[in-house]
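K.L.:
Got a structure for you, questions after.
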Amino acid sequence: MRRHRTTLIALSTLLAASLTTLATPASAQQAAAEPNQVTNLTVRQGDGYATLAWQPVDGATDYQIERTPVDANGTPTGAATVVGIWRPNRQINQQSPTFADAGFNPGDRFQWRVRARFDTTEQPYSTPVTGTTTAPWGNPNVPGEQLRTQWETTHAAQYTSDTEEYAYTAAIDQLSDRVRVVEIGRTVQNRPINMFVIGYPTPPATPEAVAATSPAAINCNVHGNEPGDREACLIMARQLAFSTDPRVTDLLSHTTVLIVPTINGDGRAANTRGNSTGQDLNRDYSLIRQPETAAYVNMIRQYRPVAGYDGHEFGNSRAGDLPMLPPRHQNVAQPIFDESMDMIEGHMYTKGAEDGWWPCPYGCDGGGNVGLGEETILRNTLGLKNVVNSLLELRSSGGQTRPDEGNAANNRRRKTFSALWTFQQFLDYHRAHQGDINAARADAVTFQASNTGRLVFRGSRPIPAHPAPHPGSSPPPIDAPPADLILDNAPCAYKLTEEQYHGARTDGPTGAVTTAAERIADHGWKVVKTADGYYVPLNQPERGLIPLLLDGQGVENLVDGERIYPTLTGRRTGPLTVTGFACLDDATVTGPVTVRPGAALVATGTTITGPVNASGAAGVLLADTKVTGPIRVTGTTDAISLIDLTVTGPVDLSANRTDNQPLLVGNRVTGPLACAGNTTAPTNLNIRNTVTGPRAGQCATL
C-alpha cells in the first residue's frame, strides 16, 4: 500500500541562499481594490528561482505571472513579460497556489505581479512586489566558495566543457576536506568518469566504510545531450563541499553523498544522446556492455548506495516541470517500490506545492510510454538491486506554463535550478527517512533471497493516477506482462557452460568487450563452480535481476542458461552428504548435513535439524532457513551466503578463500558467531545479525 508521510525536515536552500519573504506593501494586504484582483502576493527567493504565493480568487481557471526587470529604485529597465501560467493540475494543495519563477539570471532584481483569468478573460493584476533574486551560491572572496562553473560564468550561454569540469572538480577536491574525488572508470574514448564522495567532517576512507553510512547517489548525465542535471550537480557539489549551513553539516554527518556528474563524457563532448559507439547507456545498466555502465554498476556494488536519483531531460512540452518515475519492473521488491513512490508522491508533490514546482509522473499529460519495465534502465536496475530511487526528467521546453523560454539561457536556467531543487529535496528525504529506506532495503534483500514468487521477464507495476486535479490526466501507461514473459515456477539456479561463462563476446566496443563472467562479477552475484559447470543460485539479494540476464526467456538476456530445479524437497531423515550441486527447497532434513570438497549446497525455505559442516566446498548459500545445530564453513573456494537464517547453535566461518565477499545478512543466531582467517572479510550489507552469544574476529561488528 502506498504511504504518504509528512516530511520531517523542511526545505532550506543550501547555504546562505535563504528563502527570504520579500516585504509586501501594506496596500496589497488589504481588500482588493478591484473585483477579482489577486491579493496577498508574496515572493520568496531560492537557489535560482523565486516562489510566488497569493490568495486564490474564486472562480479563477488559471493565473498569469508577470516579471519585470527593475533597478535599485524600482524603475523598470526592461519590458514586463508573462513568464508563468499557474493551472490547477500543478499542485496537490489548491487552496494555496504557488509558482516557482525561474529562468532569470540569479542576482538580478525584478518586480512581480499576478492576475487571475476566467477562461481567457483577464482580471486585474495584483499590487507588485519587488526584490533581488539570490546570487549564485558562494562568497566570491572565500576560497572554494568562489569557484564557478563555465555554465555559471557565461550566464548559461555555454555548458561546462569536459576540461572545465575536470578543473572545477579537482579544485573542489583540493580545497575541501569533505570531498574525495575518485575515478570510477573511463569512457570508450578514455575520458575519466569521476565521482564526488562527500561526507562530514571528512568522507569515509574506503568504499566499505562509505557503504556503512547508507549513502545516497546521484547520476547526473547519462544522455550527453541532456546536460541540465549535470550543471545542477556541479553547483550542488560546491555547496555540499563548503557550506556551513547546519542542514548540510547534519546531512553529511549522517550519510555520504555520491555524485557522478558525467558518466557519458564522450556523449556530452559530442552533444549526443548515446556514447561514442552510439549506445544509449540508459539501456545498458543490466547488460553492462559498455565501460561507462560497467563503471557505474561496479560503483553500486562497492559503495552500496541505498537511495538514488537519475537525471534526464524530457521533450514533452505538455508535461510538468519535473516528471518523475520509480523503479516499475515487477521483479522489484514491494518495499522498494513503495518507498520510492513515497519519496515521489509523499514528499516531492508536497514540497513542490510549497515551493511552486510541478513534479508529476513520467508523462503527466500527453503520455509517457517510454522505458516502462525495461530492466536495462537505471531506475529499474537500481530497484532490482534494492535501491530506493527515481528517474528525474527536466521538461526540455518551457511549454504552455512557462511561455518565456524561447530565450535559450532562460530555458537552461529553469531546467538546471529545478534539478538543483529536486536533488536538494532528495537529500532532505534521505536524511528524514533514512531508517525507513534502510528497513525497506532490508526487507527487499531478505525477500529476494527467499526466491519466492513468480518471475517476470518484462512488465511494470501500475502507477495509479494521483487524485485529481494533480498531476494531470495521463499517468504512466499500464504495462502488464504477457503470459509468455512470466515464469511461475522459479528455478533454484542457472547453470552456465564454460563457453557461456568465459567465452568471447562481440556485444561491446572494440577492445573493451567483456565476458559474461566479468559482467556477473561486476554485478557482484555469487557463482559456484563444480565439475559440471558454473551455477548462479537465485537465493541471493539480486534474485529479481539474475533471470533477466541468464534465462533464455529474457527479453535482453546475456546467455541462455540452464534452469536448475531443486534436487531435494519434502522430508528426509538421516545424514545428507553433498558431493556435487545440491539444492534444497522447502525441505526438512533431520540429521547432519556434510558438504564435501568441491561440492555446493544451496538451501532455501528449509529446516535442518543437525549440524551443517562444509570443508573445502565450492559454495554454501543458505537463505530463509532454520538450522538447529552448529554451522561450520571452512576452506570454501567460491561463494558463501547466509541470509535470514534462524540458527540455534554456533556459526563459524574460517579460512575461506573466496574472492567474492561472504554474506552474513539479517540472521538470528542463538550462540556465538566467529569469523577468522577468511581472505575476504564477510559483510552484513548493513543489515545486522541478531546474535545472543559473543561475536568474534571478522564478524565482531556484524
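K.L.:
Being outside any loop (DSSP other than H, G, I, E, B) and charged (D, E, K, R) is the filter; apply it to the range 261-303 and report the residue that is farthest from Glu313 (Cα to Cα).
P.N.:
Narrowing the range 261-303 to residues outside any loop (DSSP other than H, G, I, E, B): 265-270, 281-283, 291-303.
Cutting the leftovers down to charged (D, E, K, R) gives us 266, 268, 283, 292, 301.
Values: Asp266: 18, Arg268: 13, Arg283: 16, Glu292: 20, Arg301: 27 Å.
Step by step, filter the range 261-303, then rank; the result is Arg301.
K.L.:
Ala432 fails exactly one of the following numbered conditions: (1) in contact (Cβ under 8 Å) with a residue 40 or more places away in the chain; (2) closer than 30 Å to Ala603 by Cβ; (3) of a type in the set (A, V, I, L, M, F, W, C). What is the number of that condition?
P.N.:
For Ala432, the exception is condition (2).
K.L.:
Then there's this: Return the residue satisfying two criteria in turn: it lies in the range 386-401 and is part of a loop (DSSP other than H, G, I, E, B) and at pLDDT below 95, and of such residues it is farthest from Tyr63 (Cα to Cα). Before the answer, list the steps.
P.N.:
Taking the range 386-401 as the starting set, the residues that turn out to be part of a loop (DSSP other than H, G, I, E, B) are 386-387, 396-398.
Imposing the further condition that a residue be at pLDDT below 95 reduces the set to 396-398.
Values: Ser396: 22, Ser397: 20, Gly398: 16 Å.
Checked the range 386-401; the qualifying residue farthest from Tyr63 (Cα to Cα) is Ser396.
K.L.:
Same structure, new question: Of everything in the range 614-635, what is polar (S, T, N, Q) and within 34 Å of the chain's Cα centre (by Cα)? Give them in sequence order. Can you show your working first?
P.N.:
Taking the range 614-635 first, the residues polar (S, T, N, Q) are 615, 625, 628, 634.
Result: Thr625, single match.
K.L.:
Here's a follow-up. Quickly run through the range 332-365 and pick out the residues that are over 13 Å from His466 (Cβ atoms), hydrophobic (A, V, I, L, M, F, W, C) and open to solvent by less than 10 Å² (accessible area, probe 1.4 Å).
P.N.:
Val332, Ala333, Ile336, Met343, Trp357
K.L.:
Restricting to the range 678-697, and then to whatever is surrounded by 14 or more Cβ atoms within 10 Å (Cβ to Cβ) and of a type in the set (Gly, Ala, Ser), can you tell me which residue is farthest from Ala209 (Cα to Cα)?
P.N.:
Among those that are surrounded by 14 or more Cβ atoms within 10 Å (Cβ to Cβ) and of a type in the set (Gly, Ala, Ser), it is Gly693.
K.L.:
Here's another thing I want to ask about it. So, in the range 48-67, exactly how many residues are part of a strand (DSSP E or B) and in contact with a helix residue (DSSP H, G or I) (Cβ under 8 Å, 6 or more places away or on another chain)?
P.N.:
Filtering the range 48-67 for residues part of a strand (DSSP E or B) gives 49-55, 62-67.
Subset that is in contact with a helix residue (DSSP H, G or I) (Cβ under 8 Å, 6 or more places away or on another chain): 49, 51, 62.
Within the range 48-67, residues that are part of a strand (DSSP E or B) and in contact with a helix residue (DSSP H, G or I) (Cβ under 8 Å, 6 or more places away or on another chain) number 3.
K.L.:
Here's something else I'd like to know. Looking at the range 426-539, what helices (runs of 4 or more DSSP H) fall wholly within it and have at least 2 residues that are out of contact with any strand residue (DSSP E or B) (no Cβ under 8 Å at 6 or more places or on another chain) and surrounded by 14 or more Cβ atoms within 10 Å (Cβ to Cβ)?
P.N.:
434-449, 516-523
K.L.:
Any idea how many residues of the range 626-646 are closer than 22 Å to Gly598 by Cβ and surrounded by 19 or more Cβ atoms within 10 Å (Cβ to Cβ)?
P.N.:
Matching residues across the range 626-646 total 8.
K.L.:
Any residue that is surrounded by fewer than 17 Cβ atoms within 10 Å (Cβ to Cβ) and in a strand (DSSP E or B) - is there at least one of those in the range 29-38? Step through it out loud before you land on a result.
P.N.:
Within the range 29-38, the subset surrounded by fewer than 17 Cβ atoms within 10 Å (Cβ to Cβ) is 29-31, 33-35.
Filter once more, so that each one left must be in a strand (DSSP E or B): none.
No, that holds for no residue.
K.L.:
Among the numbered conditions (1) in contact with a Pro (Cβ under 7 Å, 6 or more places away or on another chain); (2) within 22 Å of Ile520 (Cβ to Cβ); (3) of a type outside the set (Gly, Ala, Ser); (4) buried (at least 21 other Cβ atoms within 10 Å of the Cβ), tell me where Tyr565 comes up short.
P.N.:
Every condition holds for Tyr565 apart from (4).
K.L.:
Across the range 92-124, what is the number of residues that are surrounded by fewer than 18 Cβ atoms within 10 Å (Cβ to Cβ) and over 30 Å from Ala465 (Cα atoms)?
P.N.:
Going through the range 92-124 one residue at a time, the tally reaches 7.
K.L.:
Would you pick out the residues in the range 585-605 that are in a strand (DSSP E or B) and within 40 Å of the chain's Cα centre (by Cα)? It would help to see each step written out before you state the result.
P.N.:
To start, the set of residues in the range 585-605 that are in a strand (DSSP E or B) comprises 585-590, 593-595, 600-604.
Asp585, Asp586, Ala587, Thr588, Val595, Ala600, Leu601, Val602, Ala603, Thr604 - these are the residues of the range 585-605 that are in a strand (DSSP E or B) and within 40 Å of the chain's Cα centre (by Cα).
K.L.:
Could you check Pro326 against (1) open to solvent by less than 10 Å² (accessible area, probe 1.4 Å); (2) out of contact with any helix residue (DSSP H, G or I) (no Cβ under 8 Å at 6 or more places or on another chain) and say which number it fails?
P.N.:
(2)
K.L.:
Any chance the range 132-151 includes a residue that's part of a strand (DSSP E or B), at pLDDT 95 or above and not aliphatic (A, V, I, L, M)?
P.N.:
yes
K.L.:
Moving to a separate point now. List the residue pairs whose Cβ atoms are under 9 Å apart, where the first residue sits in the range 522-549 and is over 14 Å from Phe447 (Cβ atoms) and without any contact (Cβ under 8 Å) to a residue 60 or more places away in the chain, the second is basic (Lys, Arg) and open to solvent by 20 Å² or more (accessible area, probe 1.4 Å), and the two are 6 or more positions apart or on different chains.
P.N.:
What qualifies is Asp532/Lys495; Gly533/Lys495; Tyr534/Lys495; Val536/Lys495.
K.L.:
Something else about it: Taking the residues in the range 604-624 that are hydroxyl-bearing (Ser, Thr, Tyr) and without any contact (Cβ under 8 Å) to a residue 40 or more places away in the chain as candidates, determine which candidate is nearest to Leu576 (Cα to Cα).
P.N.:
Restricting attention to the range 604-624, the residues satisfying the condition of being hydroxyl-bearing (Ser, Thr, Tyr) are 604, 606-607, 609, 615.
Next, only the ones that are without any contact (Cβ under 8 Å) to a residue 40 or more places away in the chain stay: 606-607, 609, 615.
On the way: Thr606: 13, Thr607: 13, Thr609: 11, Ser615: 14 Å.
Going through the qualifying residues, I end up with Thr609.
K.L.:
(1) under 27 Å from Thr202 (Cα atoms); (2) out of contact with any Pro (no Cβ under 8 Å at 6 or more places or on another chain); (3) in contact (Cβ under 8 Å) with a residue 40 or more places away in the chain: which one isn't true of Leu175, the others all being true?
P.N.:
Looking at each condition in turn, Leu175 falls short on (2).
K.L.:
Can you report the number of residues in the range 224-249 which are under 19 Å from Ser418 (Cβ atoms), surrounded by 19 or more Cβ atoms within 10 Å (Cβ to Cβ) and out of contact with any strand residue (DSSP E or B) (no Cβ under 6 Å at 6 or more places or on another chain)? Reasoning before the result, please.
P.N.:
Filtering the range 224-249 down to residues under 19 Å from Ser418 (Cβ atoms) leaves 225-240.
Then keep just the ones that are surrounded by 19 or more Cβ atoms within 10 Å (Cβ to Cβ); that gives 226-240.
Of the ones still in play, those that are also out of contact with any strand residue (DSSP E or B) (no Cβ under 6 Å at 6 or more places or on another chain) are 227, 230-232, 234-236, 238-239.
Residues flagged as under 19 Å from Ser418 (Cβ atoms), surrounded by 19 or more Cβ atoms within 10 Å (Cβ to Cβ) and out of contact with any strand residue (DSSP E or B) (no Cβ under 6 Å at 6 or more places or on another chain) within the range 224-249 amount to 9.
K.L.:
Continuing with the same structure: Return the only residue of Thr169, Thr160 being open to solvent by less than 60 Å² (accessible area, probe 1.4 Å), in contact (Cβ under 8 Å) with a residue 24 or more places away in the chain, of a type outside the set (Gly, Ala, Ser) and over 25 Å from Asp428 (Cβ atoms).
P.N.:
Only one candidate passes the filter, namely Thr160.
K.L.:
When you check Asn73 against the structure, is it surrounded by fewer than 21 Cβ atoms within 10 Å (Cβ to Cβ), without any contact (Cβ under 8 Å) to a residue 60 or more places away in the chain and not aliphatic (A, V, I, L, M), yes or no?
P.N.:
yes
K.L.:
Please give the number of the condition Val620 fails out of (1) over 14 Å from Asn689 (Cβ atoms); (2) surrounded by fewer than 19 Cβ atoms within 10 Å (Cβ to Cβ); (3) modelled with pLDDT of 95 or more; (4) not aromatic (Phe, Trp, Tyr).
P.N.:
The failed condition is (2).
K.L.:
Starting from residues that are closer than 17 Å to Gln425 by Cβ and not in a loop (DSSP other than H, G, I, E, B), keep the ones in the range 313-340 and report whichever is nearest to the chain's Cα centre (by Cα). Spell out the reasoning first.
P.N.:
As a first pass, look at the range 313-340 and keep what is closer than 17 Å to Gln425 by Cβ: 320-326, 339-340.
Still in the running and not in a loop (DSSP other than H, G, I, E, B): 322-325, 339-340.
Details: Leu322: 16, Pro323: 15, Met324: 12, Leu325: 11, Glu339: 11, Ser340: 9 Å.
Top of the filtered list is Ser340.
K.L.:
Can you tell me which of Pro203, Pro215, Pro192 is open to solvent by less than 10 Å² (accessible area, probe 1.4 Å) and either touching a helix residue (DSSP H, G or I) at 6+ places or on another chain (Cβ under 8 Å) or of a type in the set (A, V, I, L, M, F, W, C) (or both)?
P.N.:
Matching residue, one of Pro203, Pro215, Pro192: Pro215.
K.L.:
Further, regarding this structure: Take the residues of the range 551-584 that are closer than 24 Å to Ala483 by Cβ and among the charged types (D, E, K, R): which is nearest to the chain's Cα centre (by Cα)?
P.N.:
Here the answer is Glu556.
K.L.:
Related question: Would you please name the residue that is farthest from Ser450 (Cα to Cα), looking only at residues in the range 576-592 that are in contact (Cβ under 8 Å) with a residue 24 or more places away in the chain and open to solvent by 50 Å² or more (accessible area, probe 1.4 Å)?
P.N.:
The selected residue is Pro592.
K.L.:
State whether one or more residues within the range 607-621 are outside any strand (DSSP E or B) and touching a helix residue (DSSP H, G or I) at 6+ places or on another chain (Cβ under 7 Å).
P.N.:
No; the residues of the range 607-621 include none that is outside any strand (DSSP E or B) and touching a helix residue (DSSP H, G or I) at 6+ places or on another chain (Cβ under 7 Å).
K.L.:
Considering each of Thr293, Thr277 in turn, give the residue that is in contact (Cβ under 8 Å) with a residue 60 or more places away in the chain and more than 25 Å from Gly398 (Cβ to Cβ).
P.N.:
Thr277
The values are calculated or read from the model by the stated rules, or taken from the named source; none is laboratory data. Keep in mind that what you see is a predicted model, and the values were worked out from it rather than measured. Cβ coordinates were reconstructed from backbone atoms using ideal geometry, including for glycine residues, and neighbour counts include every protein chain displayed. Just the protein is used for accessible areas: all its heavy atoms, side chains included, with ligands, DNA and RNA removed. Shrake-Rupley method; radii C 1.70, N 1.55, O 1.52, S 1.80 Å.
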